[in-house]
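Before any comments, here is the structure.
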Amino acid sequence: MKANAYAKINLTLDITGRDERGYHLLSSLFAEISLADTVTLEEGGNGISLSCNLPYVPVDERNLCYKAAQSFLREFSLSGDFHIDLIKRIPVCAGLGGGSSDAAAVLRLLCDRFGLSTEDERVLRVAASIGADVPFFLKGGLCLAEGIGERLSSLPKLDGYTVVLAKTAERASTPDVYRAYDGLPQKKAFTTLSFLEALRKGEDVTPYVSNHLTDAASLLCPSVPLLKKQLLDLGADAAEMSGSGSTVFGLFRDAEKAKTAAKNINTQFCEVCHFM
Ligand code: ATP
């Protein structure tokens, strides 16, 4: 049994406050894109085992695929031997949600195997226990995420754009980016509601593409503002960082311009994608 595990970008990411536990509250538009890992689930072996094409991705209980399988079997009091093979194409620690998407793909495959719906509230509970972004990947498409990312509303697909992803080897961990964010005085405008309004009216959404974490991540990854500028200079209608970085994306209305930009951008990783 095989599944694609698609990456996401955040078209907007407003930080709206903090909850009583100190977690940052978000209002963010998550969009699934065509770049994908491949997750294969086979019965056999002894317990849960994992293989991966990248040597630096853990293949033990630290892997979110492992956690997903383990939590699923526990929640439904099931037992079984499963081998998960993971082909990674989504860059790791890049703000593209790769690990969370892989975990959601494992949950989808296990739901298929055991005849359960991915909308079953127990499956959703397992997803949320693995990571805040996992429930989004069970839904996919375009979603408004609120709270700590767990309150999701599906939206119609955003058509008419080609996405160019670009990143360097620079990385910053999500907690480090949030710490840097907390240390910055100025806070940015909220754009998620304006984006949604433009989307509803069929108007241009690109003025509302934004991310409150970009300035903080740029302190740790100086390539972020440089790649944004390169994408805009190469004709992107909007360019922004995804999640806590360091991947930057460009939105292009003109698909040919997007392909030419991807050829000319000077960076380690670059990929042309579309919305799912
Ligand atoms: P997010 O955008 O949700 O913050 P990310 O895209 O920045 O996530 P991931 O690629 O999901 O980051 O990986 C983050 C960490 O999780 C890495 O340190 C990695 O070792 C670990 N990890 C666990 N499972 C996986 C997996 N299936 N694929 C990639 N990394 C994984």
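The values are calculated or read from the model by the stated rules, or taken from the named source; none is laboratory data. Keep in mind the model is a prediction, meaning the values are calculated, not measured. Ideal geometry is used to build each Cβ from the backbone, glycine not excepted, and the neighbour counts take in all protein chains shown. In case anyone asks, the SASA skips ligands and DNA or RNA and just uses the protein heavy atoms, side chains included. Shrake-Rupley method; radii C 1.70, N 1.55, O 1.52, S 1.80 Å.
Summary table below
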| read-out | value |
| --- | --- |
| Candidates K67, K8 - the one that is within 22 Å of R171 (Cα to Cα), outside the structural domain of V177 (by TED's automatic domain parsing) and among the basic types (K, R) | K8 |
| Members of segment 89-134 found to be within 16 Å of the ligand (Cβ to nearest atom) and either on the phi > 0 side of the Ramachandran plot or assigned to a loop (DSSP other than H, G, I, E, B) (or both), listed by number | R89, I90, P91, V92, C93, A94, G95, L96, G97, G131, A132, D133 |
| Set I84, I90: member being within 13 Å of the chain's Cα centre (by Cα) and either β-branched (V, I, T) or assigned by TED's automatic domain parsing to the domain that holds S194 (or both) | I90 |
| Check on D254, in contact with a Lys or Arg (Cβ under 6 Å, 6 or more places away or on another chain), open to solvent by 40 Å² or more (accessible area, probe 1.4 Å) and away from the ligand (no atom under 16 Å from the Cβ) | no |
| Tally of residues being of a type outside the set (S, T, N, Q) and in a helix (DSSP H, G or I) across segment 191-205 | 8 |
| Residue within segment 77-88 that is open to solvent by 40 Å² or more (accessible area, probe 1.4 Å) and within 14 Å of the ligand (Cβ to nearest atom) present | yes |
| From the options K67, K8, residue that is among the basic types (K, R), within 17 Å of A132 (Cβ to Cβ) and in a strand (DSSP E or B) | K8 |
| Pairs with Cβ under 6 Å, 6+ apart, first in segment 33-45 and more than 13 Å from A69 (Cβ to Cβ), second within 16 Å of the ligand (Cβ to nearest atom) and polar (S, T, N, Q) | A36/N4 |
| Some residue of segment 181-190 being farther than 30 Å from T260 by Cα, in a helix (DSSP H, G or I) and open to solvent by 50 Å² or more (accessible area, probe 1.4 Å) | yes |
